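What follows is a single structure, written as structure tokens, with notes after it.
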Amino acid sequence: METKIYPDYETLSAAVAQIMFDTIQQKPTAVICLASGHTPLLPCQLFVKKANDEHLHISEATFLGLDEWVGVPPENEGSCHYFLYNTVFNPLGLQAGQIHLFNSMADDLSIECITMDEVIENNGGIDLMIVGIGMNGHIGFNEPEVSFTNLSHVIELDKTTIEVGQKYFPAATTLSKGITIGLQHLMNTKQVLLIANGEKKATIIQQTIESEVSNQIPATIMQTHKHGVIMLDDAASSKINKIN
Ligand code: PGA
């Protein structure tokens, strides 16, 4: 794992966007897994602008959504579906066949998990995964105590995730479960970028980098990823004691 620090959110976001661009330019059939949330917003916007401005050949790439709130429909502004379509997929003009998201409204969520696992396998694995970090150290909905060997799965959401998650929704929303790509997939991914900005993430980032690897803080798994990069702005890095 490597840690990279940028002066601010804008330069961090531009660096992430450049890696997304380069990954697809070098491998037009790349499989990219994207988190939604506030952190990936500017990186995704900058990537879309660059891809469109520079006519990136994107029609062979595959995009996966990292996770979704169970029971929240895609038209809800707080859904991951809504974020990814509006921020990335529609502005890029992607075809439906290039996009694979969990349908968290499905009657049988286990089929959704199996389908996602098959999509990943049939496309030769994930080339680039871009994730944020929750205030409790989650990645996607891999909540504290999750198994590091999980593939796609459904999980009870942690109290912190339920509370913090309200920030995405225009009105108070009942959240209880999530469906997510698991940490075994993260470990199998060729390159993983964990991005964080702002002082509010400084403590969990310090713990992620400096604590022992443990499923109490799922993001500590990044320490064991050979091609994992933690990309931070100055504020999010402010409590780190040792830079590896
Ligand atoms: P955020 O969410 O980017 O909105 O801070 C991060 C996360 O919970 O993964």
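General remarks:
- Verdict on Thr149 being β-branched (Val, Ile, Thr), part of a loop (DSSP other than H, G, I, E, B) and open to solvent by 10 Å² or more (accessible area, probe 1.4 Å): yes
- Some residue of region 56-65 being of a type outside the set (A, V, I, L, M, F, W, C) and under 18 Å from the mean Cα position of the chain (by Cα): yes
- Residue match in region 38-48 (condition: open to solvent by less than 40 Å² (accessible area, probe 1.4 Å), assigned to a strand (DSSP E or B), under 24 Å from His185 (Cα atoms) and touching a residue at least 60 places away in the same chain (Cβ under 8 Å)): no
- Annotation: Gly178 fulfils all but one of (1) in a helix (DSSP H, G or I); (2) of a type in the set (Gly, Ala, Ser); (3) within 26 Å of Ser110 (Cα to Cα); the unmet one is (1).
- For the criterion of being in contact (Cβ under 8 Å) with a residue 60 or more places away in the chain, under 18 Å from Val131 (Cα atoms) and either within 16 Å of the ligand (Cβ to nearest atom) or open to solvent by less than 20 Å² (accessible area, probe 1.4 Å) (or both), Leu34 passes.
- Test: residue in region 126-138 that is surrounded by fewer than 23 Cβ atoms within 10 Å (Cβ to Cβ) and farther than 30 Å from Ile204 by Cβ: no
- Any hit, region 2-20, residues being more than 28 Å from Ser238 (Cβ to Cβ) and surrounded by 19 or more Cβ atoms within 10 Å (Cβ to Cβ): no
The values are calculated or read from the model by the stated rules, or taken from the named source; none is laboratory data. As the structure is a computational prediction, the values presented were derived from the model and not from experiment. Counting neighbours? That spans all protein chains shown, and the Cβs are built from the backbone with ideal geometry, glycine included. SASA here: full protein model, heavy atoms, side chains in, ligands and nucleic acids out. Shrake-Rupley method; radii C 1.70, N 1.55, O 1.52, S 1.80 Å.
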